[in-house]
Amino acid sequence: MASTSRPNPLEEDDDAEEEVQHFDDFTLASSWERFISDIEATCRQWLADGPKNLVEKGAVAVEDSKNLFKVKYDLKNVAKSYCMEFYFQIDNNGSQQAGIGNWNSNSHDLQLCFGVKDFLLIAPQSASGVLLDSPESSKLLSSVAIALSNCASLWPAFVPVHDPSRKAYIGIQNMGTVFTRRFEADRINSQVPVKLMHLEGLYELFVSKFVYSGVDFSMHNFKVHFMMRLTYQTFPYEEDEENDMDELMGDKTDTAEHYGSESRNKLHWDDDCPWSEWYSAEDPLRGFELVVTCADKTVENTLEMAELENASPHEAEKWILHPILSPYLGDPSHGNRIDFSSQLLCVVEALDMSFTAQFMEDFVSGENPGSENLKTSVVIPPPTVLDRVIKDLFHEGSKLPDFTKGEHRLSRALKAAPLESLFTQFCLHSLWFGNCNIRAIASLWIEFVREVRWCWEESQPLPKMPVDGSIDLSTCLIYQKLHLLAICIEKKREMNEEFLDCIGSEDSSDASVSVEEHQKVDKRRNTSSEADLQRKRDSSIAEDTSNRLRFERKTESTNSVNQSPTHAIRRGSAGPAGTMMLLKSHQRLHAPFTQDPPLMTEDMHEERLQAVEAFGDSLNVPGQLEKDILLSDMSAFKAANPDAVFEDFIRWHSPGDWDSSEPEAAEPSGGSITEGSKDKWPPRGRLSQRMSDQGNLWRKSWNDAPALPADDQKPLLDPNREGEKILHYLETVRPHQLLEQMVCTAFRGSADTLNQTNFGDMKQMTSKLEQLYLITKSTLGALQRNNLPDRAETIKDLRRLCVVFEHVEKLVTVAASLHRKFLDASRLAQVIFSDFYGIYVPLMGINSNDEENKSRTEMEVGRQEVTPRERQVVSNLFSPPSANQSWRKVLSMGNLLNGHEPILREIIFSTGDDVNNGIHYAAAADVAATSDRRREEIETHRMYVSGTSNDLRVALSVTSCD
Amino acid sequence: MGSSSGQPEFDYLFKVLLIGDSGVGKSSLLLSFTSNTFDDLSPTIGVDFKVKYLTIGEKKLKLAIWDTAGQERFRTLTSSYYRGAQGIIMVYDVTRRDTFTNLSDIWAKEIDLYSTNQDCIKMLVGNKVDKESERAVTKKEGIDFAREYGCLFLECSAKTRVNVEQCFEELVHKILETPSLTAEGSSGGKKNIFKQNPAQTSSASSSYCCSS
């Protein structure tokens, strides 16, 4: 064995290549020779195949790299087995040497260290994977070198030495006939000599490799090429200082694992984000890594190096930013994270439970048939929490909120309620009440309804609800009911005030209302159409219910318009209607105050629909309500225009049904009353055919209508009756009906909250939110119907919807975090987000589809080049260290960025020699290609230094002419 | 809540709304469609509606047709009926030009204001074509208006029953062709993106994600 192992195999190389190229006589072969030929055969195979074929044959791509591949071959030598790996690169853009020029972050460690492209790595297959003693490694290296020269390959080969943590290697490369490169790398991972912490020292270390010892470096100039790359990292946002420091000190490769450690961000980066009202999210951006590359410089002496050490990173040529994402983003299992999607899932589960009971009370009492399923985890929060939530719902802020707040274009497509309304706030509160289980929801609901009832009984305005407007049928039924209730309370209050005004200090309000009610009914019955009677009644009414407002209206109208005192007194007039005149009396036609049409919630509409279906057209049920309205309008019109006839009413109410034969004269909007029009009075015209038919309903109604101003009429909407009906509904609502509405409203409320997030102009996010609304709409469509077709399937769909929601929520958090960090560099925020979106979105489809597939995915976004204009923004991300952080860290390196020392400094020194002295060999072209220097010059020495003040790796490659 | 019990005897329930100026013949149109008669009806008071069962293809349909009063006074009252309508028919009188111009001045705006259903099918109907001699709005004008507002268009006569059936049937066909509307009106089975078989779901949800 020893005999075949040449003491200096390099000497044999040239000969071997020339003479023994096809030597395959193994008769005398020793085990070493067989080993070498084994290597040789493999290398020949690889050479012959070429990179493209190797990839086709199944070469494995090296992690984190797009174009670096490796093939593997296992070797055996008597006692030990080895593994030979060939790394090769497939470049799209021709021959480009890794490590130099484009300081590629994807480069393999050895490529960077030694400035090579393709290489062989041979390591024993032991546990540690390293040759422990140097003789063995040099023996192995020699064998490889022989094998390689046998097959005329110029690949460099490396062999690890010593302990793996030292990352020590030796290597050799045949560079043609004359030149050989030798490689050597080692590492100090503690106690770096002070001299080597600074650039001057490192420069001198490099120079010492090619200058005879004894020369004073400071006195001579040695031109070397110098390149530097600095990596900075933001301080992790963590309270734990120990951890903090560890991470800062840690090796670059180790930091990734450190980030895995769970710790919650306690600084609340999202304090002004819309969701912070409900929960605090972990910042999806753990921190940033900034890689600063300085241009290729020629340095001549130590002094220059010292200057470079003080140079600011702002002067560097290239900045590359690498955002570090929180690992939770790639983790599809919820764990103990709390956000909207986690809570929405809880309310969906509650919906599933809700079908087991008849009333909400059953869940609280705990004696219902479904209670066996309610295990101990289903807790109701203590009364103090309940009180706080109720207080927050009912007593905080009396002013009416902006109901369009947070509303998306598609919000209204969901059958829910506006974000700021009472019911949505109730739903959002219940998401965080206890763990949003059915019992907690039930207890909150019961208390909620109790509070609503109190508002009703005491005629206190319902908070967070509008007291006017019409019922929005696109909202959920509870919201419609609460809206109508708020209106009823408002009407009740008005009536009470009215009554108290005239009665003074009389008994309870309920009694007063009913008394007034009776009076009105009386009045209605007694009213006759005769003018004198009316006048009498009028005065009595004026005394009876002295509604000041109405009184004012009345006096105003009588003073201003009623010129002739002989005419009946107008009541409930809203003023003259344009220049229209009454046909008979030649008085101004006044428009009356009218009652608002009664409001109906969707179930009331439905009742009417069913009544019509049941009775058909025979009873004319549908028209009843509208007839009441028409009658009310007629009464009010008669009161305001005592001398009016039916035709006058039609001219005002349905102008289309008055056929005027003289267009000019009868033009109602003719402007001023001209003399001419007076002369032609009365205008000629007639009712339309359909209005003048025999038995016309309108005329019948007109004849029946008493002259009564709107205020004195029986109200079209009876607030007492309607309010009481609404409370009955709320108190007896079926649990699943409540939960269905809560699920819809909670989804809309959560989506609307996220929709308020400020993430700047990120188009993907905008469309993603839109998709969320659409998908939510389509999924929730199954709810709030009369019957749930397939409960199990619907619940499944809702769970899937929660997963979709979770994804969008994560995206929103990332977008918001990026937006606020790059307020003045929105381009960066957008490209980083696009990058993230590109990786994240494909995962969404997989995870939302398959519930079993809960594998964790590492999320890694790409590196982004920072333009000079954006540098300030990026540098602001590196906030100067706090006193606490800085005293613990002894700054020992230069090139500080806002007081941040680089966590890694990589330097490449190189020096060349003119080789253009007449020697031309066949391999010269290859030499030029691999050394990346101008053709005349060959890189003789190259040193790669990487590390910090307490961890240093040095790799040296020397080309020599042997 | 007054919910109907049991399985309904129809596949789809569609809500259709009739709007337009007073006196253009909305009620007559409806009556002509539902009971094949023509009468000079009293003006509608507020809102009225009729139910009509139709069978189109294999599908049993129930149409709830809401007939609104054209008078301005009733407009606030009728606004609530726009919601949830799968079809809206705008009616004008071909012999009265103002009823046509009011469509763009008033009624189209009402639809924008009150209808939340984006996919809702709109239809323009010119009524009273039996009075050809008094025609004040040409068919071309009607077509142009319909094109501008993206409506179906038809001229008909409630009196002679010309095109009355076609008018409602065409509307229903169009509703049936619109998946979001049929999903709403469907009485039994639900339809949503998760319902498809699992293999399709992944592509469906990923297309949700990727399309931008």
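Select from segment A:443-488 the residues that are touching a Cys at 6+ places or on another chain (Cβ under 6 Å) and either aromatic (F, W, Y) or outside the structural domain of A:L780 (by the TED database) (or both) and list them in ascending order.
none
Condition check ((1) modelled with pLDDT under 80; (2) more than 23 Å from A:V873 (Cβ to Cβ); (3) in a strand (DSSP E or B); (4) not hydroxyl-bearing (S, T, Y)) across all residues:
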| residue | (1), (2), (3), (4) |
| --- | --- |
| A:D283 | no, no, no, yes |
| A:F288 | no, no, yes, yes |
| A:V292 | no, no, yes, yes |
| A:D296 | yes, yes, yes, yes |
| A:E304 | no, yes, no, yes |
| A:E307 | no, yes, no, yes |
| A:H314 | no, no, no, yes |
| A:W319 | no, no, yes, yes |
| A:I324 | no, no, yes, yes |
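Name the helices (runs of 4 or more DSSP H) wholly inside segment B:37-124 in which the number of residues that are over 13 Å from the mean Cα position of the chain (by Cα), more than 23 Å from B:A136 (Cα to Cα) and of a type in the set (S, T, Y) is 2 or more.
Details: elements: B:75-78, B:97-102, B:108-114.
Qualifying helices (runs of 4 or more DSSP H): B:75-78.
If A:V841 satisfies all but one of (1) at pLDDT 90 or above; (2) surrounded by 18 or more Cβ atoms within 10 Å (Cβ to Cβ), what's the number of the condition it fails?
(1)
Quick one: is A:L400 at pLDDT 90 or above and either more than 23 Å from the chain's Cα centre (by Cα) or within 14 Å of chain B (Cβ to nearest Cβ) (or both)?
Working: at pLDDT 90 or above: no; either more than 23 Å from the chain's Cα centre (by Cα) or within 14 Å of chain B (Cβ to nearest Cβ) (or both): yes.
No: the conditions fail for A:L400.
Residue check: is A:S677 assigned to a helix (DSSP H, G or I) and at pLDDT below 80? Steps first, answer last, please.
Values: assigned to a helix (DSSP H, G or I): yes; at pLDDT below 80: yes.
The answer is yes for A:S677.
Quickly run through segment A:438-480 and pick out the residues that are part of a loop (DSSP other than H, G, I, E, B), small (G, A, S) and in contact with a Pro (Cβ under 9 Å, 6 or more places away or on another chain). Don't jump to the end; show me each part of the working.
Initially, segment A:438-480 is screened for residues part of a loop (DSSP other than H, G, I, E, B), giving A:458-476.
Filter once more, keeping what is small (G, A, S): A:459, A:469-470, A:474.
If the condition is that a residue be part of a loop (DSSP other than H, G, I, E, B), small (G, A, S) and in contact with a Pro (Cβ under 9 Å, 6 or more places away or on another chain), then A:S470 is the only one that fits.
Provide a single number: the residues in segment B:36-72 that are surrounded by 15 or more Cβ atoms within 10 Å (Cβ to Cβ), touching a residue at least 40 places away in the same chain (Cβ under 8 Å) and of a type in the set (D, E, K, R).
The qualifying residues number 4.
With respect to A:S892, is the statement that it is polar (S, T, N, Q) and either at pLDDT below 60 or over 17 Å from A:A311 (Cα atoms) (or both) true? Step through it out loud before you land on a result.
Values: polar (S, T, N, Q): yes; either at pLDDT below 60 or over 17 Å from A:A311 (Cα atoms) (or both): no.
Criteria not met by A:S892.
Considering each of B:I56, B:I19 in turn, give the residue that is β-branched (V, I, T) and either within 12 Å of chain A (Cβ to nearest Cβ) or under 30 Å from A:Q595 (Cβ atoms) (or both). Spell out the reasoning first.
On the way: B:I56 fails: either within 12 Å of chain A (Cβ to nearest Cβ) or under 30 Å from A:Q595 (Cβ atoms) (or both).
Step by step, each of B:I56, B:I19 is checked, and only B:I19 is β-branched (V, I, T) and either within 12 Å of chain A (Cβ to nearest Cβ) or under 30 Å from A:Q595 (Cβ atoms) (or both).
Using the structure shown, decide if A:P461 is farther than 30 Å from B:A85 by Cβ and at pLDDT below 95. Full working, then the answer.
On the way: farther than 30 Å from B:A85 by Cβ: yes; at pLDDT below 95: yes.
Answer is yes for this residue.
Find the residue count for segment A:759-800, including only residues that are assigned to a helix (DSSP H, G or I) and farther than 26 Å from A:H819 by Cβ.
Quick first cut of segment A:759-800, residues assigned to a helix (DSSP H, G or I) only: A:763-780, A:791-800.
Filter once more, keeping what is farther than 26 Å from A:H819 by Cβ: A:777-780, A:791-800.
Total satisfying the criteria: 14.
Let's see how each residue does on (1) in contact (Cβ under 8 Å) with a residue 40 or more places away in the chain; (2) surrounded by fewer than 20 Cβ atoms within 10 Å (Cβ to Cβ); (3) touching a His at 6+ places or on another chain (Cβ under 9 Å):
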{"position": "A:G760", "(1), (2), (3)": "yes, yes, yes"}
{"position": "A:L769", "(1), (2), (3)": "yes, no, yes"}
{"position": "A:L774", "(1), (2), (3)": "yes, yes, no"}
{"position": "A:A782", "(1), (2), (3)": "no, no, no"}
{"position": "A:L788", "(1), (2), (3)": "yes, yes, yes"}
{"position": "A:A792", "(1), (2), (3)": "no, yes, no"}
{"position": "A:L801", "(1), (2), (3)": "yes, no, no"}
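I'm trying to understand the selection: among the residues of segment A:702-722, which are buried (at least 20 other Cβ atoms within 10 Å of the Cβ) and within 14 Å of chain B (Cβ to nearest Cβ)? If you could, list the steps in order and put the result at the bottom.
Filtering segment A:702-722 down to residues buried (at least 20 other Cβ atoms within 10 Å of the Cβ) leaves A:702, A:705, A:707-713, A:719, A:722.
Within segment A:702-722, A:W702, A:A705, A:A710 meet the criteria.
Scan segment A:202-222 and tell me whether some residue there is touching a Pro at 6+ places or on another chain (Cβ under 8 Å) and either in a loop (DSSP other than H, G, I, E, B) or modelled with pLDDT of 75 or more (or both).
No, the conditions are met nowhere in segment A:202-222.
For segment A:418-432: of the residues being crowded, with 21+ Cβ neighbours inside 10 Å and not in a helix (DSSP H, G or I), which is nearest to the other protein chains (Cβ to nearest Cβ)?
A:P418
For segment A:786-809, give me each residue that is among the acidic types (D, E) and either more than 8 Å from every other protein chain (Cβ to nearest Cβ) or within 29 Å of the chain's Cα centre (by Cα) (or both).
Within segment A:786-809, the first condition is being among the acidic types (D, E), and the residues that meet it are A:790, A:793, A:797, A:806, A:809.
A:E793, A:D797, A:E806, A:E809, listed by residue number.
Under 6 Å by Cβ, and 6 or more places apart or on different chains, what pairs join a residue from segment B:73-101 that is more than 8 Å from every other protein chain (Cβ to nearest Cβ) and within 23 Å of A:Q595 (Cα to Cα) with one that is of a type in the set (S, T, Y) and part of a loop (DSSP other than H, G, I, E, B)?
B:Y82/B:S115
A quick yes/no check of all residues on (1) out of contact with any strand residue (DSSP E or B) (no Cβ under 7 Å at 6 or more places or on another chain); (2) over 15 Å from A:R942 (Cβ atoms); (3) surrounded by fewer than 20 Cβ atoms within 10 Å (Cβ to Cβ); (4) of a type outside the set (S, T, N, Q):
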residue	(1), (2), (3), (4)
A:H162	no, yes, yes, yes
A:Y169	no, no, no, yes
A:Q173	no, no, no, no
A:G176	yes, yes, yes, yes
A:F210	no, no, yes, yes
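In segment A:810-831, which residues are closer than 25 Å to A:H268 by Cβ and more than 14 Å from the chain's Cα centre (by Cα)?
Within segment A:810-831, A:K821, A:F822, A:L823, A:D824, A:A825, A:S826, A:L828 meet the criteria.
Spot the failing condition for B:S28; the list is (1) out of contact with any strand residue (DSSP E or B) (no Cβ under 6 Å at 6 or more places or on another chain); (2) at negative phi; (3) surrounded by fewer than 19 Cβ atoms within 10 Å (Cβ to Cβ); (4) more than 9 Å from chain A (Cβ to nearest Cβ), and only one is missed.
Answer for B:S28: the failing condition is (3).
The values are calculated or read from the model by the stated rules, or taken from the named source; none is laboratory data. If you're wondering where the values come from, they're calculated on a predicted model, not measured in any experiment. Virtual Cβ from ideal backbone geometry, glycine too; neighbours counted across all protein chains shown.
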